[in-house]
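Asker: Let me begin by handing over the structure; questions about it come next.
The values are calculated or read from the model by the stated rules, or taken from the named source; none is laboratory data. This structure is a prediction, so every number in the text was calculated from the model and none was measured. Here Cβ is always computed from backbone atoms with ideal geometry, including for glycine, and neighbour counts include all displayed protein chains. Keep in mind that these areas ignore ligands, DNA and RNA; they rest on the heavy atoms of the full protein, side chains included. Shrake-Rupley method; radii C 1.70, N 1.55, O 1.52, S 1.80 Å.
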Amino acid sequence: MKRKNLYIWIIVAVAVAALAAGVWYAVQPRRQELRLFSELRDMQSLVLAEMSLNKVGEISDEGATGVAAVVNSLKIGKRVAVYSYNTYLEAYMDLSELTAADVAVDGRGRFAKLVLPPVRTRFVGRDMEVVEEHYRVSGLRSDVSPRERSQLKELMNASLKKEVEGNDEYRRTLTEQARAKAVGFFTALLRGRGYECEVSVRE
């Protein structure tokens, strides 16, 4: 009778251990998912690629119209100044948009699946000053004033942004570069932690 009870207790103990192991294996991947999810979100905004965009502008008396054109035609000499100007477009990923559903981990198979937020683009700055590429003022022509350079800079900046907004090629090229870089970066990150992985980026 005692031996029979002992067998029963052994069976119960084995069943409890098996149940506990099953619960542990079920909970462990979820813990890994939450840990990985938290670490990725903490990265916040991740800059992936940058593009420098150049614009060239000219200040010249030859472009004058009306009375100014008549006055300029009577002056001796030439007045031509050419300036260049850079502004910058960057591609980034906002990892605060990542959700728990975007991270899946198979703890037993050491496999992770990650769906990243979409790549976005934004203007991030511009040169403080225009760069003088050519300057020729001769005869009775007046020098190019700081005000004229400042006005030209604003015109070039507005024109450049308009061109970018009207041409998807700039953003498309930058976005493709950033998407490839993001997949490569996070694939290397997960493999470095011992996971085989599948990484994709939302459109």
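Asker: Just the residues that are touching a strand residue (DSSP E or B) at 6+ places or on another chain (Cβ under 8 Å) and either over 13 Å from Asp61 (Cα atoms) or not basic (Lys, Arg) (or both), please, taken from segment 139-149.
Answerer: Ser142, Asp143, Val144, Glu148, Arg149
Yes/no per residue for (1) without any contact (Cβ under 8 Å) to a residue 40 or more places away in the chain; (2) among the aliphatic types (A, V, I, L, M); (3) surrounded by 12 or more Cβ atoms within 10 Å (Cβ to Cβ):
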residue	(1), (2), (3)
Ser142	no, no, no
Val164	no, yes, yes
Arg172	yes, no, no
Arg179	no, no, yes
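Asker: Taking segment 102-136, which residues are over 25 Å from the mean Cα position of the chain (by Cα) and among the aliphatic types (A, V, I, L, M)?
Answerer: Within segment 102-136, Val105, Val130, Val131 qualify.
Asker: Here's a follow-up. Among the candidates Arg136, Arg147, Arg122, single out the residue that is among the basic types (Lys, Arg), open to solvent by 80 Å² or more (accessible area, probe 1.4 Å) and closer than 27 Å to Glu97 by Cβ.
Answerer: Of Arg136, Arg147, Arg122, the one residue that is among the basic types (Lys, Arg), open to solvent by 80 Å² or more (accessible area, probe 1.4 Å) and closer than 27 Å to Glu97 by Cβ is Arg122.
Asker: Select from segment 76-99 the residues that are out of contact with any His (no Cβ under 9 Å at 6 or more places or on another chain), open to solvent by less than 40 Å² (accessible area, probe 1.4 Å) and of a type in the set (Gly, Ala, Ser) and list them in ascending order.
Answerer: Gly77, Ser84, Ala91
The rows are residues; the columns are (1) in contact with a Phe, Trp or Tyr (Cβ under 8 Å, 6 or more places away or on another chain); (2) at pLDDT 85 or above; (3) assigned to a strand (DSSP E or B).
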{"residue": "Met128", "(1), (2), (3)": "no, no, no"}
{"residue": "His134", "(1), (2), (3)": "no, yes, yes"}
{"residue": "Leu140", "(1), (2), (3)": "no, no, no"}
{"residue": "Arg149", "(1), (2), (3)": "yes, yes, no"}
{"residue": "Leu152", "(1), (2), (3)": "yes, yes, no"}
{"residue": "Leu155", "(1), (2), (3)": "no, yes, no"}
{"residue": "Ser159", "(1), (2), (3)": "no, yes, no"}
{"residue": "Lys162", "(1), (2), (3)": "no, yes, no"}
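Rundown of residues vs (1) of a type in the set (Gly, Ala, Ser); (2) modelled with pLDDT under 80, yes/no style:
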residue: Ile8; (1), (2): no, yes
residue: Val12; (1), (2): no, yes
residue: Glu58; (1), (2): no, no
residue: Ala69; (1), (2): yes, yes
residue: Met93; (1), (2): no, no
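Asker: Please specify each residue of segment 170-190 satisfying the condition of being modelled with pLDDT under 90 and farther than 17 Å from Tyr92 by Cα.
Answerer: Leu189, Leu190
Asker: Filter segment 150-162 down to residues that are polar (S, T, N, Q) and touching a residue at least 60 places away in the same chain (Cβ under 8 Å) and give me whichever is surrounded by the most Cβ atoms within 10 Å (Cβ to Cβ).
Answerer: Asn157
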